[in-house]
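Below is one structure, written out as structure tokens; comments come after it.
Bear in mind these aren't lab numbers, they're just calculated from the coordinates by the rules spelled out. In this text the structure is predicted, and so the values were computed from the model without any measurement. Note: ideal-geometry Cβ built from the backbone for every residue, glycine included; neighbour counts use all protein chains shown.
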């Protein structure tokens, strides 16, 4: 079914893809900030965001911590303005209400996420905000909780932005299949479960990253990878059975399985490199230098898997939708 066209529509999709790319860079910058233990290394936080760009130019050797922290804030600022621009484009050119509402929700999440990051910095550096930390059981608990919520919002935001980018693509306007039967329903439920398990695993990873690499937390994170891997394999097998009614979902499920397999390998490499770096006292050697970047890649790929699962679910919903519902609000 052909969707209504608008002169801004092709540019809306291009802008949405740019926003996804910048959001991916923001995840990378945020992950590097946590991995390098650079969070809160830049004590100032102001609504005068342009100061962050000026401060970045004054950073020199020996101030790598503030470099990562300020880079994260700068990318977040750019992303916020791009999302505001995208929201305006969608409100002008997008006929589907659910796409516009998703964009509005994404923008709200972006604002909340930025404010949450700022509140965490203020709780550490300003006595008047310490009462907020005390209400959560002290600064350390407040730091862990706010960091995990901040990370969770980032993962959810990236998934929403990928969903918008998919929805604004011309190929998203596929013709529904009315005779799909129960196969697509099982496939749809499997994708939803996979996305849910991935999000839980991401939050366990955030707990490990922000609360410390204690053995119980690490083991919990390792065990949490098992259902994600099993669901990914089951989903790929089920999608292959339904490829006659949903070929795009079949290919998406296979790619999702490949991403999960790469993520498992990255997870193994993360712990091997961390153990090796610990034995070396985190001093010297290219393998020791590689450790934080592998950990950051592991975190970012987890966010990509979650977003890809969400997009795969949307593809199945598009195929499964009854005739006439493809462009409904």
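Could you give me D for segment 191-235, from Stokes-Einstein at 10 °C and 1.306 mPa s, where the hydrodynamic radius is the Kirkwood radius over C-alpha pairs? Units µm² s⁻¹, please. Spell out each step's value before the answer.
On the way: Rh = 10.7 Å.
Value of D from the Cα-based Kirkwood radius: 149 µm²/s.
Relative to the present Cα-Cα distance, how much length would full extension add between residue 255 and residue 293 at 0.36 nm per residue of separation?
On the way: separation 38, 0.36 × 38 = 13.68 nm, distance 2.34 nm.
The span from residue 255 to residue 293 would gain 11.3 nm if fully extended.
Give the order of 305, 164, 144 when sorted by the count of other beta carbons within 10 angstrom, beginning with the fewest. Write down the numbers at each step before the final one.
Working: 305 23, 164 28, 144 18.
The fewest-first ordering by Cβ neighbours comes to 144, 305, 164.
Using the number of other C-beta atoms within 10 angstrom as an exposure proxy, rank 241, 69, 186, 94 with the fewest first.
Values: 241 12, 69 27, 186 15, 94 22.
If I rank by nearby Cβ atoms, fewest first, I get 241, 186, 94, 69.
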